[in-house]
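The structure under discussion appears below in the form of structure tokens.
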Amino acid sequence: MNNAVAGFSKLSKKEKINWIANEYFSNPEEAQNIIRNYWNSDEKLQQLHDEFIENTITNLYIPLGVAPNFLINGKYKTIPMAIEESSVVAAASKAAKYWSTRGGFKATIINTEKIGQVHFTYSGDAEKLTQFFDEIKPKFFSETQSITKNMQQRGGGILDIKLKDKRSLLENYYQLHATFETKDSMGANFINSCLEQFATTLKEEAQNSALCQNDEKLEVVMSILSNYVPHCLVRAEVSCPIEELAEKHITNPQEFAERFVQAVQIAEVEPFRAVTHNKGIMNGVDAVILATGNDFRAVEAGVHAYAAKNGQYASLSHAKIENGIFTFWLEIPLAVGTVGGLTSLHPLVKLCLEILEKPSAPELMEIVAVAGLAQNFAALRSLTTTGIQEGHMKMHLNNIINQFEATDEERHLIKAHFKKTAVTHSAVVEFIENLRK
């Protein structure tokens, strides 16, 4: 890029594409064709996608698959998963089928409380501020009534507001720490609207009181929800007698169970392993979050903060053997919604929610947690038995074949050869080169 561009957002879509093609590509026409090839042929649908974000030029497609046979709380579910990584959907499906004959997955909502904060500073006496807060607290509720009315009708609303003294962390720093119930919506807009009104009420009441005299000052820094929701928790688990763990690759169930528990224990104490271990869980979680139009960045941030809640990053899942019973479970914080946002706009998101039989937000929390646990079980089963690379590389074979633009005949010969041969990138490249000689 040789020059800055002025007024880019005001350019038409065509003008934006032309500028990008001419600025960054030696063959502008080829770049323009690639961009247009990923437009939706339905103009109204493409316009809908264009308006989700700013400066849209095209669509980046991620495969949408389904993992069937999930027995969750006695009911079968087919779970949609949007993800580009090889073997994730296959692994989830395999884990679902495995546990469907061993009692299935059990999921429980522990709590659905969400959090928002008004961050402010006050240079006066702390006791004076506490007394002031206690006096005006009812006004925070009354002056947000117009915002909370509809949410209250659905059984949600503001749960509580507390004043928190954070001066041990930062000079003169305080919070209004508010908790919310947002029912089937993720609730970000609702929470942030309430918080901004709290901030307005706080400032106005402070100005009209004896709180700020002489050099005493109260200043609001910002008002924003928190994506850390340690009290919006869901638990998913599987369990069965150890002997029932037996299958093709598990000929000694007791040994498998013990090794599996050891693998989880390593992730509980070793952060380097825990990060990869939890990434595997998030393969399942994020795929469902994305497919259902939820915010996977918010979920990721909150989940990883929860993994470090005891001062060291650790495994989100746990396993034990007790009285001959193998149990594997996880508890994770999930703030999700099934109404509002993309859930009512994106046609494929609506389709995915239909596949899930129109779940409530708590039901979606359960489904997402189960997908994460299933993915984690599949990965640990592979790691403690055959190893993870064999299955993963076989799934990755298609990507290598496509990279080399193999013909249908070459594709058939390559797949036939690697049915009995270990798949590595170099081995596939060598085989293709030999074929083409």
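Would you confirm whether any residue within the stretch 89-98 is more than 19 Å from the chain's Cα centre (by Cα), over 30 Å from residue 238 (Cα atoms) and surrounded by 15 or more Cβ atoms within 10 Å (Cβ to Cβ)? Looking for residues that are more than 19 Å from the chain's Cα centre (by Cα), over 30 Å from residue 238 (Cα atoms) and surrounded by 15 or more Cβ atoms within 10 Å (Cβ to Cβ), one finds none in the stretch 89-98, hence no. Report whether or not residue 61 is loosely packed, with under 11 Cβ neighbours inside 10 Å and under 23 Å from the mean Cα position of the chain (by Cα). Yes: the conditions hold for residue 61.
Inclusion of residue 99 among residues that are among the aromatic types (Phe, Trp, Tyr) and touching a Ser or Thr at 6+ places or on another chain (Cβ under 7 Å) is not warranted. Quick check on my filter: what residues within the stretch 99-152 are farther than 30 Å from residue 299 by Cβ, crowded, with 16+ Cβ neighbours inside 10 Å and among the aliphatic types (A, V, I, L, M)? Answer for the stretch 99-152, where residues must be farther than 30 Å from residue 299 by Cβ, crowded, with 16+ Cβ neighbours inside 10 Å and among the aliphatic types (A, V, I, L, M): 129, 136.
Conditions tested, residue by residue: (1) farther than 30 Å from residue 294 by Cβ; (2) part of a helix (DSSP H, G or I); (3) modelled with pLDDT of 80 or more.
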position	(1), (2), (3)
369	no, yes, yes
374	no, yes, yes
386	yes, no, no
392	no, yes, no
395	no, yes, no
409	yes, yes, yes
426	yes, yes, yes
429	yes, yes, yes
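Put simply, of 183, 203, 248 the only residue that is surrounded by fewer than 18 Cβ atoms within 10 Å (Cβ to Cβ) and in contact (Cβ under 8 Å) with a residue 12 or more places away in the chain is 203.
Here are some residues: 195, 169, 176. Which one is within 26 Å of the chain's Cα centre (by Cα) and either more than 30 Å from residue 322 (Cβ to Cβ) or of a type in the set (Lys, Arg) (or both)?
Being within 26 Å of the chain's Cα centre (by Cα) and either more than 30 Å from residue 322 (Cβ to Cβ) or of a type in the set (Lys, Arg) (or both) holds for just one of 195, 169, 176, which is 195.
Contact annotation: residue pairs with Cβ atoms under 6 Å, 6 or more positions apart or on different chains, pairing a residue in the stretch 289-302 that is among the aliphatic types (A, V, I, L, M) with a partner that is surrounded by fewer than 23 Cβ atoms within 10 Å (Cβ to Cβ) and not in a helix (DSSP H, G or I), are 290/82; 291/82; 298/227; 301/227.
The residues of the stretch 315-347 that are under 30 Å from residue 243 (Cβ atoms), in a loop (DSSP other than H, G, I, E, B) and not hydroxyl-bearing (Ser, Thr, Tyr), listed by number, are 316, 323, 324.
Among the residues of the stretch 97-128, just one is of a type in the set (S, T, N, Q), under 19 Å from residue 168 (Cβ atoms) and assigned to a loop (DSSP other than H, G, I, E, B), namely 123. In this entry, residue 219 passes the filter for residues that are farther than 27 Å from residue 309 by Cα and part of a strand (DSSP E or B). Identify all residues within the stretch 267-292 that are of a type in the set (A, V, I, L, M) and crowded, with 24+ Cβ neighbours inside 10 Å; write none if there are none. Selection gives 267, 281, 285, 287, 288, 289, 291. The sole residue among 44, 77, 94, 13 that is over 26 Å from residue 291 (Cβ atoms) and either in contact (Cβ under 8 Å) with a residue 40 or more places away in the chain or not assigned by TED's automatic domain parsing to the domain that holds residue 326 (or both) is 13. Of the residues that sit in the stretch 246-281 and are in a helix (DSSP H, G or I) and of a type in the set (D, E, K, R), which one is nearest to residue 373 (Cα to Cα)? Selected residue: 279.
The values are calculated or read from the model by the stated rules, or taken from the named source; none is laboratory data. Owing to the predicted nature of the structure, the values given are computational and were not obtained by experimental measurement. Glycine also receives a Cβ, built like all others from the backbone with ideal geometry; neighbour counts cover every protein chain displayed.
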